[in-house]
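Here's the structure we're looking at; comments come further down.
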Amino acid sequence: MTDAKPLAGKTLLMSGGSRGIGLAIALRAARDGANIALLAKTDQPHPKLEGTVHTAAAEIVAAGGQALPIVGDVRDEDSITEAVLKTQGEFGGIDIVVNNASAIDLSGTLELGTKRFDLMQAVNVRGTFLLSRAAIPVLRDAANPHILSLSPPLNLSPKWLGAHTGYTLAKYGMTMATLGIAAEFAGDGIAANTLWPRTTIATAAVQYSLGGDRMMAASRTPEIYADAAYEVLVRPAREYTGRTLIVEDVLEASGVTDFSGYAAVPGTPDSELFPDVFLD
């Protein structure tokens, strides 16, 4: 690649991003000198979770990028419209949309409360669809427009369909919305892909929803996701769209074969890492 910093001056609009995977992706782009707009709810510190949209913006600037923190809710259409308009007004356009915001509840069907079901559908599916849709008229004017959703391939194994039906519906809905947009807007040159890891990632969602410290120790760091996302977002949009991508496959294709540096606990062998749901 001739350009050492292909995302320099590019503008990325992300849902969420105050912490975890989203922030790692933002920081990776910021090191190129990208502009990052974050649409996130976390205006004030959370008692259990680190980071706010403002602390994330400060980290982005420190990493070499420009930041636009936007306090809002991806479930709210007015918030989405405001985020698109503010991002376009501040940076002159939008090159990339990352659908990062996601709600998780792994309860079984009989245990899952209706409000939690609705939350997952509203954040994951509706948020992905509405944010992508709102940005498409602006993305059409970008030189290499990408939409990237952090959601899994459509694995219809009963093992996962039956494990947590509500959550599975919400994550697969993100993927289906993204693949539909890829097909519908291929003629406009807008890439739309999904990206998902082979192992769990050490984030607050894993800490509090999947298994605490034991699961965190058996995970990889968010940086592996960020490095793979970067590789996707610098690809030619017209040639690289409509795919359900796996983090490790993307990195291997770019020449990375040793993932040991991404272990949340240094020295943890791959055999001891927890495989992500949806993939085996």
| field | Tally, over the range 243-280, of residues that are open to solvent by less than 40 Å² (accessible area, probe 1.4 Å) and over 17 Å from ALA226 (Cβ atoms) | value | 4
| field | Filter pass, ALA26 being at pLDDT 95 or above and either out of contact with any Pro (no Cβ under 6 Å at 6 or more places or on another chain) or within 14 Å of LEU68 (Cβ to Cβ) (or both) | value | yes
| note | Scanning the range 43-66 residue by residue, those farther than 14 Å from PRO222 by Cβ and open to solvent by less than 30 Å² (accessible area, probe 1.4 Å) turn out to be THR52, VAL53, ALA57, ILE60, GLY65
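Of these, THR168, THR114, THR109, which one is of a type in the set (S, T, N, Q), farther than 23 Å from ILE190 by Cβ and touching a His at 6+ places or on another chain (Cβ under 9 Å)? Walk me through it before giving the result.
Numbers: THR168 fails: touching a His at 6+ places or on another chain (Cβ under 9 Å); THR114 fails: touching a His at 6+ places or on another chain (Cβ under 9 Å).
Among THR168, THR114, THR109, only THR109 is of a type in the set (S, T, N, Q), farther than 23 Å from ILE190 by Cβ and touching a His at 6+ places or on another chain (Cβ under 9 Å).
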| note | Those helices (runs of 4 or more DSSP H) completely within the range 42-152 that have 2 or more residues that are touching a residue at least 24 places away in the same chain (Cβ under 8 Å), polar (S, T, N, Q) and under 21 Å from ALA26 (Cβ atoms) are 77-91, 127-139
| Output for the range 154-203, where each listed residue is aromatic (Phe, Trp, Tyr), under 19 Å from LEU279 (Cβ atoms) and over 17 Å from the mean Cα position of the chain (by Cα) | TRP160
| request: Could you tell me which residue of the range 1-34 is nearest to VAL97 (Cα to Cα), considering only residues that are in contact with a strand residue (DSSP E or B) (Cβ under 8 Å, 6 or more places away or on another chain), open to solvent by 10 Å² or more (accessible area, probe 1.4 Å) and not in a loop (DSSP other than H, G, I, E, B)? | output: ILE21
| field | Conditions (1) touching a helix residue (DSSP H, G or I) at 6+ places or on another chain (Cβ under 7 Å); (2) small (Gly, Ala, Ser); (3) open to solvent by less than 20 Å² (accessible area, probe 1.4 Å); number of the one not met by ALA182 | value | (1)
| task | Could you tell me whether any residue of the range 227-244 is within 21 Å of TRP160 (Cα to Cα) and not in a helix (DSSP H, G or I)? | result | yes
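The values are calculated or read from the model by the stated rules, or taken from the named source; none is laboratory data. Here the structure is a predicted model, which means the values were calculated and not measured. A quick note on method: Cβ atoms are made from the backbone with ideal geometry, for glycine too, and the neighbour counts reach across all protein chains shown. All accessible areas refer to the heavy atoms of the entire protein, side chains included, with ligands and DNA or RNA removed. Shrake-Rupley method; radii C 1.70, N 1.55, O 1.52, S 1.80 Å.
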